[in-house]
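Just so it is clear, none of the values below were taken in a lab; they were calculated from the coordinates. Small disclaimer: the values here were computed from a predicted structure and weren't measured. Glycine gets a Cβ as well: all are built from the backbone with ideal geometry, and neighbour counts include every protein chain shown.
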Amino acid sequence: SDGKSCPCGARSSELRLVLVGRSRAGKSEVGNCILGLGAFRSDLVTQDCEKKRAEVCGRKVLVDTPDWFTTEKSPDDVRAQITSCVALSSPGPHAFLLCIPVDQPATMEVQALQALASIFGTDAVQKHAIAIFTFSDRLRDSGKAKGKSIEAYISSERPDLLKVVEKCRDRFHIMERDGGAGNVAELLEMVDQTVKEAGGQCYSSPAFQEAENKVRQKQMEIAREQKGFKPEAQKQEDLRLLNSERRRNFSYMQPLEEDVVTEEMEKLRDEAEMSVSAMDIETNRIIIKIENTLCDSMQHFCCLCC
């Protein structure tokens, strides 16, 4: 595996979740259920990665992503989106929530999990992915469930969904649109259990570590520029510290954080993340993985449509 679970340093109090899935899979709706109604626009197809946060039983950070693998976007566009996702969720997400419309075939989702593992590393799927089944109300209304519970329907009628659940190591949740706080609490309990089983850590990889390193550096630069403190000697010292400290150890940020209130630092981080999201992260390896995965996925989908 190219990735691993690693300590989240100074940001360990955050719970970071990344929403992945095809267009119209209910990603934004799931995000709104977790963070609160209206956090994401659910009436529009997500075109770019978007980050939202809220204080819901502690700080929750969600990154909504576009459809990476079932659209006609070029490899360069997808690479840019994945880079943005990495920057916005650094130093790494605690869970990838794969949203799956339970009333539709899941062939695309099997391919998506393979792509996720190919790009980020096998642990991203095996240790940190949770299948989120959406639109259970549509399934019931259509009569396809035959009066069975959603769990029984998946078990007896949907081997494709069972395959996804198997790849996620039996981690799945049925998101009920009208389930209320109880349904969300169940999901967050599953996320908490997922994190515990992963050693209590978020998911990380060289790409996420590089992104966090760049975000921290940019955050420092912006803060010092705003304070009018830009001696060349300090810039060189910052670079020396960034290169010498372990990427997961951000203790050298403390003097700067003491000079700037938390809310200001949060705004600076948002600005830094947006700046870093436009950069290439792990350029050579990620580009090759994305292009190869896209080619394999597109060929598979074309065969299905023929």
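Calculated translational diffusion coefficient of segment 4-204 (4 °C, 1.567 mPa s; Stokes-Einstein with Kirkwood radius over alpha-carbon pairs) equals 77 µm²/s. Pairs of Cα atoms nearer than 8 Å and 6+ residues apart set the relative contact order; for segment 4-204 it is 26 percent.
What is the list of residues in segment 185-206 whose amide nitrogen lies under 11 Å from a point 7 angstrom out from the Cα of CYS57, following Cα to Cβ? 185-193, by backbone N distance to the label point. Protection proxy ranking for 156-162, 140-146, 128-134, using the average of other Cβ atoms within 10 Å per residue and placing the highest first: 128-134, 156-162, 140-146. A simple packing score, the average count of other Cβ atoms within 10 Å per residue, orders the peptides 25-32, 104-111 as 25-32, 104-111, with the highest score first.
Between GLU151 and LEU44, the contour length at 0.36 nm per residue exceeds the Cα-Cα span by 35.6 nm. Extent of segment 156-198 along its three principal axes (Cα atoms, max minus min coordinate, largest first): 30, 30, 11 Å.
Just subtract the alpha-carbon distance of LYS267 and ASP192 from 0.36 nm times their residue separation and send over the number in nm, one decimal. Intermediate results must be reported in sequence, preceding the final value.
On the way: separation 75, 0.36 × 75 = 27.00 nm, distance 2.72 nm.
Full extension from LYS267 to ASP192 adds 24.3 nm.
Taking packing as the residue-averaged number of other Cβ atoms within 10 angstrom, the listed peptides 193-199, 92-98, 168-174 run from highest to lowest as 92-98, 168-174, 193-199.
When the listed pairs LYS127/LYS227; LYS27/LYS218; LYS60/LYS144 are checked against a 32 Å cut-off, the alpha-carbon distance exceeds it for LYS127/LYS227; LYS60/LYS144.
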